[in-house]
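Data block below; observations after.
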Amino acid sequence: MTDLKTWIPKLAGVRIIVVGDVILDEYLTGRAMRMSREAPIPVLEFESRRLIGGGAANPAANIVTLGGQALQVGVVGVDGEADALRQTLAARGIDVRGLIADGERPTTVKTRLMAQMGLRFPQQVARLDKLSRALIPAAIERQLCAFIEAEIGGVNALLFSDYDGGVITKSLLAAVHALRGDHLLTADAQGQFDKYAGFDVIKCNADDARAYLRRDLRTDEEFALAARELCAALRLGQGMVITRGGDGATVCTPDGAVYQCPTPTITDVYDTVGAGDTSIAVLTQALAAGAPLVEAAMLANIASGIVVRRVGNYAPTPDELAAAIPV
């Protein structure tokens, strides 16, 4: 495990295009003062507002925090939320030139209402989403493709983060395949497996694997068989990764070899939001830096373990990642 630390400095030399459904995550935190007389809900007195890049913007944030460069490709509306998202991402060091404006759809915003009480972490009591799931129009798709074509020569990999928001179309993926050359292609498919056939690596969670295969998966043996089936059916160049929360991850390579990657012991889990984004970001970044798939998956597991001990999206630093690797 200590050998994993040797990959951390190499993550800084990686440049990745991140394509997908970008989201502005808004956290409104208030102190719980009393129960409402109007409904059985707490009354919160406003304390703070925080804006974070979510969806496909979260892998990009993880990449730059670990020293890499991320070029964000996605679609936003023509509204104040789009301006806020661009400013938020640019402040993190993410290249936002690939965010294309579409006046016919809103910028996707997820507003979380957080209740603060005592010394505990804020608890989410409600979430309001503003979004469109319509497929992007052909004119917007052409702009995305043009940006990718112009920038692909200067990157090591393309990462696709699919939140079913209409940005990653089949024709966009076909265009990327035509442009890819020998570039690494990875995807956080979130159940949209067939779209990413022919990629190098697909990552999914256990629930998505169960839903796609239409059967229950519990044991290591069952997940091993599932990973083999998915890797072969999707013709993956380097392998399939199924994340399993506290049970680690199951990794299968094209030769049918299966590895069970453990997760380090985590005593406190506060929030699982963003852990999957961190996983695909670190997995892609490590692979692009030259790490074997199993070592990249182990490093991604450890990074995700840091995230679940935080509230909301969080991007681990190189020092945090190194400190979390078991001796």
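For T88, the solvent-accessible surface computed with a 1.4 Å probe is close to 30 Å², ligands and nucleic acids excluded.
Taking the Cα centre of segment 184-327 as origin, work out the dipole magnitude from +1 charges on Lys and Arg Cβ and -1 charges on Asp and Glu Cβ, in debye rounded to 20.
Numbers: 11 positive and 18 negative charges, 49 e Å.
Result for segment 184-327 is approximately 240 debye, rounded to the nearest 20.
What GluC sites (Glu not before Pro) in segment 1-74 are in a loop by DSSP, with at most 10 other Cβ atoms within 10 Å of the Cβ? Walk me through the numbers before you get to the answer.
On the way: sites: E26, E38, E45, E47; in loops: E38.
Within segment 1-74, the qualifying GluC sites (Glu not before Pro) (loop, at most 10 other Cβ atoms within 10 Å) are E38.
Quick check on the chain: of the DSSP beta bridges with both residues there, what percent are antiparallel, nearest 5%? Given both bridge residues lie in the chain, the antiparallel proportion sits at roughly 45 percent. The ratio of the alpha-carbon radius of gyration of segment 133-237 to the globular-protein estimate 2.2 N^0.38 Å is 1.17. As a calculated quantity, the FRET efficiency between A90 and A138 at R0 = 22 Å, using C-beta atoms, amounts to about 0.20.
Between segment 275-327 and segment 1-52, what is the separation of their alpha carbon centroids in Å? If we compute the Cα centre of each part, the gap is 17 Å. Entry comment: accessible area of the chain is 44 Å² per residue, from protein heavy atoms only and a probe of 1.4 Å. A dipole drawn for segment 1-92 from +1 and -1 charges on Cβ atoms has a positive end, and of L85, I23, A70 the residue lying farthest that way is A70.
Would you work out the relative contact order for segment 147-201, in percent, from Cα pairs under 8 angstrom that are 6 or more residues apart? Spell out each step's value before the answer.
Numbers: 48 pairs, mean separation 23.0, N = 55.
Rounded, it is 42 percent for segment 147-201.
At 222 nm, what value in deg cm²/dmol follows for the chain if DSSP H runs of at least 4 each add -39500 (n - 2.57) and the sum is divided by all its residues, to the nearest 500? Before the final figure, lay out the partial values.
Details: 9 runs with 103 residues, N = 327.
-9500 deg cm²/dmol, from helical runs alone.
Using heavy-atom solvent-accessible surface (probe 1.4 Å) with all chains present, what is the largest-first order of D129, D21? Please report the intermediate quantities before stating the final value.
Details: D129 60, D21 10 Å².
Sorted descending by solvent-accessible area, the residues read D129, D21.
Give the residue from Q123, G98, I52 lying farthest towards the positive end of the charge dipole for segment 50-146; charges sit on Cβ (+1 for Lys and Arg, -1 for Asp and Glu) and the dipole is referred to the Cα centre. Positive-most Cα among the choices belongs to Q123.
Going by a ≥ b ≥ c, the root eigenvalues of the Cα gyration tensor, does segment 46-94 fall in the rounded group (a/c under 1.5), the prolate group (a/b larger than b/c) or the oblate group? Provide the component values of the computation, followed by the final result.
Numbers: a/c = 2.28, a/b = 1.31, b/c = 1.74.
Oblate, because a/c is 1.5 or more while a/b does not exceed b/c.
Using a Gaussian network model of the chain in which every pair of alpha carbons under 10 angstrom is joined by a spring, one finds that among A300, A286, A174 the greatest mean-square fluctuation is at A174.
What number do you get for segment 97-137 when its Cα radius of gyration is normalised by 2.2 N^0.38 Å, N = residues? Don't skip to the end; give the middle numbers.
Details: Rg = 15.8 Å, N = 41, 2.2 N^0.38 = 9.0 Å.
Dividing the Cα radius of gyration by 2.2 N^0.38 Å gives 1.75.
What does the charge add up to near Q69, with Lys and Arg as +1, Asp and Glu as -1, over the other residues with Cβ less than 9 Å from its Cβ? Charge balance in the 9 Å sphere: 0. With the largest listed first and rounded to whole Å, the semi-axes of the equivalent ellipsoid of segment 48-172 from the Cα gyration tensor are 27, 19, 12.
Within the chain, which is the longest segment that contains none of the trypsin sites (Lys or Arg not before Pro) sitting in a DSSP loop with at most 12 other Cβ atoms within 10 Å? Kindly include the intermediate steps, with their values, before the conclusion.
Details: sites that count: R37, R120, R133, R214, R215, R218, R235.
Formally, the longest exposed-site-free interval is 236-327.
Build a GNM of the chain with springs between Cα atoms under 10 Å apart, and of A315, A84, A303 the one that fluctuates most is A84.
Leaving out ligands, DNA and RNA, what percent of the accessible area of segment 55-102 is carbon and sulfur, probe 1.4 Å?
Values: 690 of 1440 Å².
Roughly 48 percent, rounded to a whole number.
Apolar share of the accessible surface for segment 109-180: 58 percent from carbon plus sulfur atoms, 1.4 Å probe. Expressed as a whole percent, the accessible area of segment 1-40 that falls on carbon and sulfur atoms is 53 (1.4 Å probe).
Each Lys and Arg contributes +1 and each Asp and Glu -1, all at the Cβ; summed about the Cα centre of the chain, the dipole is approximately 480 debye.
In debye, nearest 20: dipole of segment 1-62 around its Cα centre with unit charges on the Cβ of K, R (+) and D, E (-)? Could you put the intermediate results ahead of the total?
On the way: 8 positive and 7 negative charges, 41 e Å.
Here the size comes out at about 200 debye.
Please work out the ratio of the alpha-carbon Rg of the chain to 2.2 N^0.38 Å and round it to two decimals.
Normalised Rg, Cα atoms only: 0.99.
Within the set K10/K203; K110/K203; K110/K195; K10/K110, which residue pairs have Cα atoms separated by over 27 Å? Intermediate results must be reported in sequence, preceding the final value.
Working: K10/K203 22 Å; K110/K203 24 Å; K110/K195 25 Å; K10/K110 34 Å.
K10/K110, as the Cα separations exceed 27 Å there.
The values are calculated or read from the model by the stated rules, or taken from the named source; none is laboratory data. Keep in mind that this is a model prediction, so the values were computed, not measured. Please note: Cβ atoms are built from the backbone with ideal geometry, for glycine as well, and neighbour counts cover all protein chains shown. SASA here: full protein model, heavy atoms, side chains in, ligands and nucleic acids out. Shrake-Rupley method; radii C 1.70, N 1.55, O 1.52, S 1.80 Å.
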